[in-house]
Ligand SMILES: C[S@@+](CC[C@H](N)C(=O)[O-])C[C@H]1O[C@@H](n2cnc3c(N)ncnc32)[C@H](O)[C@@H]1O
């Protein structure tokens, strides 16, 4: 079967269903199925089997139904690493790479040895990525969702760092107990408020786990709780890196100012210029 004809039928179906970038998505889906590059699809360099065509058609129909691309393929790239994603986990966002960048900025020596906690690990992108960078660090990755933890474990095995990550099912809104304080805590908690939630696109609210997005009525419940509670799990001089909503900077700074245990703190903007992450250092 002609590869280019199949690609064009995908473009038509996606356009009919108002999917933006129909050409890009059709070529990407076909390239994924055939295990070739997008340019090879567009140059019509291969022939598709009947089975390939059927699979492509099924994928295109799912995409027309607004299912996110990453759930259809089961893959998402983060920090140039390939992660498994399922509807049990949030699709990792590029903004979250800011946490990795900032950890690398403050801990420039890859030989750094310590213990890092990730609160709300989802697909495990934060501890798994950091574990590929810091070979002497041990990690604890917790999530309330057992199904998310199963995906995170798979991702840690995919990148051969499972031996250094302990996975823990726990509710970070309850009281957490650990044997020792951590050198670093990273977290990307749910921070979407109810009003914004109602305006999110169907491919987000219809498919991604609400548990991973819903930050309560004002979106600040979990951010506020974690800012206040995580300090007791950091060693003196330990660092907290937390992703926040772009409109939460003022409230985050107010909370940090009111707490006695953070000596210094700053909010970092993402590449769109929006406040996206808070970094705080515990007093020694
Ligand atoms: C925004 S997602 C972040 C996932 C991943 N760290 C990332 O950046 O892609 C938040 C995660 O927190 C978890 N979560 C939500 N409420 C929780 C709670 N009370 N205790 C522990 N984990 C929770 C969700 O299951 C979800 O995996």
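The values are calculated or read from the model by the stated rules, or taken from the named source; none is laboratory data. Small disclaimer: the values here were computed from a predicted structure and weren't measured. A quick note on method: Cβ atoms are made from the backbone with ideal geometry, for glycine too, and the neighbour counts reach across all protein chains shown.
Below is a table of values for the structure above.
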item	result
Check on residue 90, within 8 Å of the ligand (Cβ to nearest atom) and assigned to a loop (DSSP other than H, G, I, E, B)	yes
Residue that is farthest from residue 78 (Cα to Cα) [pool: residues in segment 155-175 that are touching a residue at least 24 places away in the same chain (Cβ under 8 Å) and within 9 Å of the ligand (Cβ to nearest atom)]	173
Which listed residue is more than 10 Å from the ligand (Cβ to nearest atom) and assigned to a helix (DSSP H, G or I), from 152, 148, 131, 108	131
Where residue 49 falls short, out of the listed (1) assigned by TED's automatic domain parsing to the domain that holds residue 269; (2) surrounded by fewer than 18 Cβ atoms within 10 Å (Cβ to Cβ)	(1)
Number of the condition not met by residue 179 [criteria: (1) more than 9 Å from the ligand (Cβ to nearest atom); (2) not in a loop (DSSP other than H, G, I, E, B)]	(2)
Count - residues of segment 135-145 that are crowded, with 24+ Cβ neighbours inside 10 Å and away from the ligand (no atom under 12 Å from the Cβ)	1
Test set (1) within 12 Å of the ligand (Cβ to nearest atom); (2) closer than 15 Å to residue 241 by Cβ - residue 115 fails condition number	(1)
Which listed residue, of 255, 204, 186, is within 16 Å of the chain's Cα centre (by Cα), away from the ligand (no atom under 11 Å from the Cβ) and either assigned to a helix (DSSP H, G or I) or assigned by TED's automatic domain parsing to the domain that holds residue 146 (or both)	204
Subset of segment 240-270 [under 21 Å from residue 191 (Cα atoms) and exposed (fewer than 13 other Cβ atoms within 10 Å of the Cβ)]	250, 254, 257, 258, 266
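Rundown of residues vs (1) within 26 Å of residue 107 (Cβ to Cβ); (2) surrounded by fewer than 17 Cβ atoms within 10 Å (Cβ to Cβ); (3) without any contact (Cβ under 8 Å) to a residue 24 or more places away in the chain, yes/no style:
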residue	(1), (2), (3)
206	no, yes, no
209	no, no, no
220	no, no, no
223	yes, no, no
226	yes, no, no
238	yes, no, no
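Here is a yes/no grid of residues against (1) in contact with a strand residue (DSSP E or B) (Cβ under 8 Å, 6 or more places away or on another chain); (2) at pLDDT below 95; (3) surrounded by fewer than 21 Cβ atoms within 10 Å (Cβ to Cβ); (4) not assigned by TED's automatic domain parsing to the domain that holds residue 235:
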| residue | (1), (2), (3), (4) |
| --- | --- |
| 60 | no, no, no, yes |
| 72 | no, no, yes, yes |
| 77 | yes, no, yes, yes |
| 90 | no, no, no, no |
| 93 | no, no, yes, no |
| 100 | no, no, yes, no |
| 118 | yes, no, no, no |
| 122 | yes, no, no, no |
| 130 | yes, no, no, no |
